[in-house]
Amino acid sequence: MSGFQPGDENATAEDVLDWLAKMRVNEPVHVDDQDVWHLFRYDDVRAALFDRKTFASDTNRFVPSNPEFERFSTGNILNMDNPKHSELRGLIVEAFTPRLIEGLAPRITEITGELLDRIPRGEPTDLVDALTYPLPVMVIAELLGIPVSDRGLFRRWADALLGNRNTDATVVPEEEAIESLANPLHEMGEYLREHVRRRRGRETDDLIGKLVGADVRGRRLSDDEITGFAGSLLIAGHITTTAALGNALCCFDRVPEAAQQIREDIGLLPNAIEEVLRFRPPFIRVIRMTTTDTEVAGTTIPADRLLIPWLAAANHDPDRFDDPGRFDIHRDANGHVSFGYGIHFCVGSRLARLEAHLVLRMLFERYRSITIDRGSAIEFHNPWSTNAVRKLPVLLAD
């Protein structure tokens, strides 16, 4: 785009990828005017994700003081370091066993069928509103033990917390931006805390009930810890699948021969999903903090600096993936970092893959064609943080 600059609010996902590609070649270790450091090469990004001692996840001290953020952060494992991270993550791992996830397949299939049955025939449909948003949020809500009927609230909170955050290539938030997010955090926190309080004194088999009854080194988790824990799962646990499904349909629309090949051989679908994740990762970056002076690619990054490992840049590094700008469902996409790497590898990745596989398979089997309606506007989330469609009008042909 003409005059494109990092942080342009009118940037598209392709604009951001172009910028990342230029930075990866010209300045693979970059420091911006806010003293935030950026990594773009696959090997550097992967190393930063793996080295938890040098690159910490707890960056809260860089956020302007706000009681709602501080309260939520007590249980938010996404920006938490060991030993607490391992303690809380272990509780999720126990609840997200492979057997449990695979056991959700019939329910996911049932919900998908019900949602598709509601779509009117012969007219454009926003598939995000009709399917790719409600399905994963219904699944994660049932796992947590909160009413699926409240999913309108969950979407509003997710849009507020993710949709407009960090409208540039940096991550140092202004106090005004933090204050604007405090209200949705407060609403979500109070909502979840009420469900936590209801579990006190009585056992339930849902995830919130399990967290209430959990023993962590001889102590019980506080209401705020469980609330932050559940909140991070609620938001991240559905946006990843919502993004992956929308991105898959965009990729298949862009390369229709890929969709046709999958129709002819559904066994190609799992590998195609990995290529979608590589090509359009739901979250294009993560945030870390250096704990000591460290050298990356011959450049010294000082201690106590914010750092952005760009996941999308790593996934499009030609030193790791041949011709990375080509969407190819036959390539070996294993090794992409869309779900992270190391101790913060996405604990819900197995669930996201299962949901994507079951939904896409049903779409291919039920409809002979799925095309994006060019007569309606496609809306996207902010491409500097979330690589996902907000509105996806499609035409489904039986």
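The values are calculated or read from the model by the stated rules, or taken from the named source; none is laboratory data. These numbers come from a predicted model, not from an experiment. All Cβ positions, glycine included, derive from the backbone under ideal geometry; neighbour counts span all protein chains shown. These accessible areas exclude ligands, DNA and RNA; they are computed on the full protein's heavy atoms, side chains included. Shrake-Rupley method; radii C 1.70, N 1.55, O 1.52, S 1.80 Å.
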Practice task
With θ set to phi - 60°, apply the Karplus curve 6.51 cos²θ - 1.76 cosθ + 1.60 along segment 61-71 and write out the HN-Hα couplings as whole Hz, x wherever there is a Gly or Pro.
Solution key: 5, 8, 8, x, 4, 7, x, 5, 5, 5, 5
Handout entry: Contact order relative to length of segment 62-213, as percent, for alpha carbon pairs under 8 angstrom and 6 or more apart
Key = 30 percent
Fill in the blank from the handout: Share of accessible surface on carbon and sulfur in segment 43-132, whole %, 1.4 Å probe and ligands ignored, is 52 percent
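Determine the share of segment 209-318's accessible area contributed by carbon and sulfur atoms, expressed in whole percent, with a 1.4 angstrom probe. Before the final figure, lay out each step's value.
Values: 1690 of 3510 Å².
Carbon with sulfur: 48 percent of the solvent-accessible area.
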Exercise for the section: List the residues whose amide H sits under 5 Å from the amide H of residue 390, counting only those 5 or more places along or on another chain, with H placed 1.01 Å from N in the peptide plane. Expected result: 379, 380, 381
Exercise for the section: Quote to one decimal, in nm, the extra length available between residue 114 and residue 330 on full extension: 0.36 nm per residue of separation minus the C-alpha distance between them. Expected result: 74.6 nm
Practice task
Quick one: dipole size for segment 4-124, taken about the Cα centre, charges +1 on Lys/Arg Cβ and -1 on Asp/Glu Cβ, in debye to the nearest 20.
Solution key: 580 debye
Problem - Whole-number percent relative contact order across segment 1-113, with pairs defined as alpha carbons under 8 Å at least 6 apart - result: 12 percent
Exercise for the section: Calculate, in nm to one decimal, what residue 51 and residue 323 gain on full extension: separation in residues at 0.36 nm each, minus their alpha carbon distance. Expected result: 95.1 nm
Handout entry: Set of lysines near residue 53 by C-alpha distance (under 16 Å), chain-local residues within fewer than 8 positions excluded
Key = 84
Exercise for the section: Averaging sequence separations of C-alpha pairs under 8 Å and six or more residues apart, then dividing by the length of the chain, give the relative contact order as a whole percent. Expected result: 28 percent
Practice task
Measure off 7 Å from each Cα along the Cα-to-Cβ vector at residue 59 and residue 153, then give the distance between these two points in nanometres to one decimal.
Solution key: 3.0 nm
Problem - Extension gain from residue 34 to residue 292, taking 0.36 nm per residue of separation minus the Cα-Cα distance - result: 91.0 nm
Completion exercise
Toy charge model, Lys and Arg Cβ at +1, Asp and Glu Cβ at -1: segment 166-301 dipole around Cα centroid in debye, rounded to 20, equals 620 debye
Handout entry: Förster radius 25 Å - calculated FRET efficiency between residue 367 and residue 265, Cβ distance, rounded to 0.05
Key = 0.90
Practice task
Can you send over the solvent-accessible area of residue 332, 1.4 Å probe, protein chains only, in Å² to the nearest 10?
Solution key: 100 Å²
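Before I look further, what does the chain give for accessible area per residue, probe 1.4 Å, in whole square angstrom?
Numbers: 17300 Å² over 398 residues.
Computed with neighbouring chains in place, this is 43 Å² per residue.
Which helices count as membrane-span-like in the chain under these terms: full DSSP H, at least 24 Å along the axis by C-alpha, Kyte-Doolittle mean of -0.5 or more? Working shown, then result.
Details: long enough: 175-199 (35 Å, -1.10); 223-254 (46 Å, 0.56); 349-366 (25 Å, 0.14).
Result, helices passing both filters: 223-254, 349-366.
Just how large is the dipole of the chain about the Cα centre, in debye to the nearest 20, putting +1 at every Lys and Arg Cβ and -1 at every Asp and Glu Cβ? Before the final figure, lay out each step's value.
Values: 46 positive and 63 negative charges, 249 e Å.
Its charge dipole is roughly 1200 debye.
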